[in-house]
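Reviewing the structure listed below.
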Amino acid sequence: MNVILLGPPGCGKGTQAARLKEKYGVIPLSTGDMLRAAVAAGTPVGKKAKAIMDSGQLVPDDIVVGVLADRIAQPDVQKGGFVLDGFPRTVAQAKSLDDMMEKRGWKLDHIVEMKVDEKALFARIDKRARETKAAGGPVRADDNADVLKKRIAVYREQTQPILPYYATSSRLRAVDGMAPIDEVTRQLEAIVGKG
Ligand code: ADP
């Protein structure tokens with residue numbers, strides 16, 4: 001099974017992707033995590049991506065598409081399918097994904113938008129930063145109010161146009177991302193559980 005979770009930063013995609021893994025064995029693929037790993041490892045991709053990510057902008061499509069294409073070629077994804085979190089983020093990425101899927105003879109089974117109230121995102125990201133700090137972990141350079149404002153604007157301008165792109169093929173469904181975590185999971189399972 002292959003699933004895409006769409007929604008603004010802090011809407012809970014990562015949390016729900018982990019739950020889908022538990023229940024269905026699909027592999028969570030977060031391009032944000034992949035890029036952060038590249039930054040931490042100091043690879044050429046990481047070197048290009050760091051300043052862009054820290055400012056809340058999008059890393060160029062060709063770089064992100066390359067990173068994702070390498071990852072989906074791995075055996076675990078071939079076997080379990082994927083749940084994408086943070087990709088596609090532009091219509092061009094959505095088209096590249098369609099091409100990748102077609103070449104492999106795969107299909108996108110479920111595309112789910114997590115709807116949230118933008119105002120709640122600031123509180124959520126602030127909470128994530130505080131909890132990470134309290135646990136002694138490194139706080140993401142982009143998890144602060146100024147950069148979050150930029151990330152939300154970028155989401156609105158560059159990522160939201162994906163919704164009509166998918167809606168035309170009637171693959172798009174929505175869940176209420178403002179509901180408690182377990183309730184969001186329940187709504188998601190009601191969609192993907194249908195196979
Ligand atoms: P968020 O919590 O904002 O959804 P992510 O961890 O998914 O954060 O992504 C963090 C940053 O990584 C983004 O602001 C962007 O710079 C970069 N990034 C992640 N995925 C993509 C993508 N598909 N296209 C372009 N840039 C991306």
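Where a number appears in this text, it was derived from the coordinates with a stated rule and is not lab data. Everything numeric in this text was worked out from a predicted model, so none of it was measured. Neighbour counts run over all protein chains shown; Cβ positions are idealised from the backbone, glycine included.
Side notes on the structure shown:
- Here the peptides 92-98, 82-88, 157-163 are ranked by packing, the mean other Cβ count within 10 Å, and the order with the highest first is 82-88, 92-98, 157-163.
- Isotropic mean projected area of the C-alpha convex hull, segment 92-195 (nm²): 8.5 nm²
- Simple Cβ-charge dipole of segment 1-127, Lys/Arg +1 and Asp/Glu -1, about Cα centre, in debye nearest 20: 240 debye
- Net charge contributed by nearby residues that have their C-beta within less than 9 Å of residue 86 (K/R +1, D/E -1): 0
- Cut-off under 5 Å, modelled amide H: who pairs with residue 27 long-range: 81, 82, 83
- Estimated D of segment 89-147 in µm² per second, where Rh is the Kirkwood radius over Cα pairs and Stokes-Einstein applies at 37 °C, 0.692 mPa s: 224 µm²/s
- Stokes-Einstein D for the chain, Kirkwood Rh over Cα pairs, 4 °C, 1.567 mPa s (µm²/s): 76 µm²/s
- Scoring 172-180, 119-127 by mean Cβ neighbours within 10 Å over their residues and listing the highest first yields 172-180, 119-127.
- Efficiency of FRET between residue 145 and residue 74 - r from beta-carbon atoms, R0 41 angstrom, step 0.05: 0.70
- Kyte-Doolittle at least -1.0, axis length at least 18 Å by Cα - qualifying DSSP helices, the chain: 91-104
- The listed peptides 67-75, 25-33, 4-12, ordered by packing as a protection proxy, come out as 4-12, 25-33, 67-75 (highest mean of other Cβ atoms within 10 Å first).
- Spin-label pair residue 48/residue 156, simplified geometry with 7 Å Cα→Cβ offset, distance in nm: 3.0 nm
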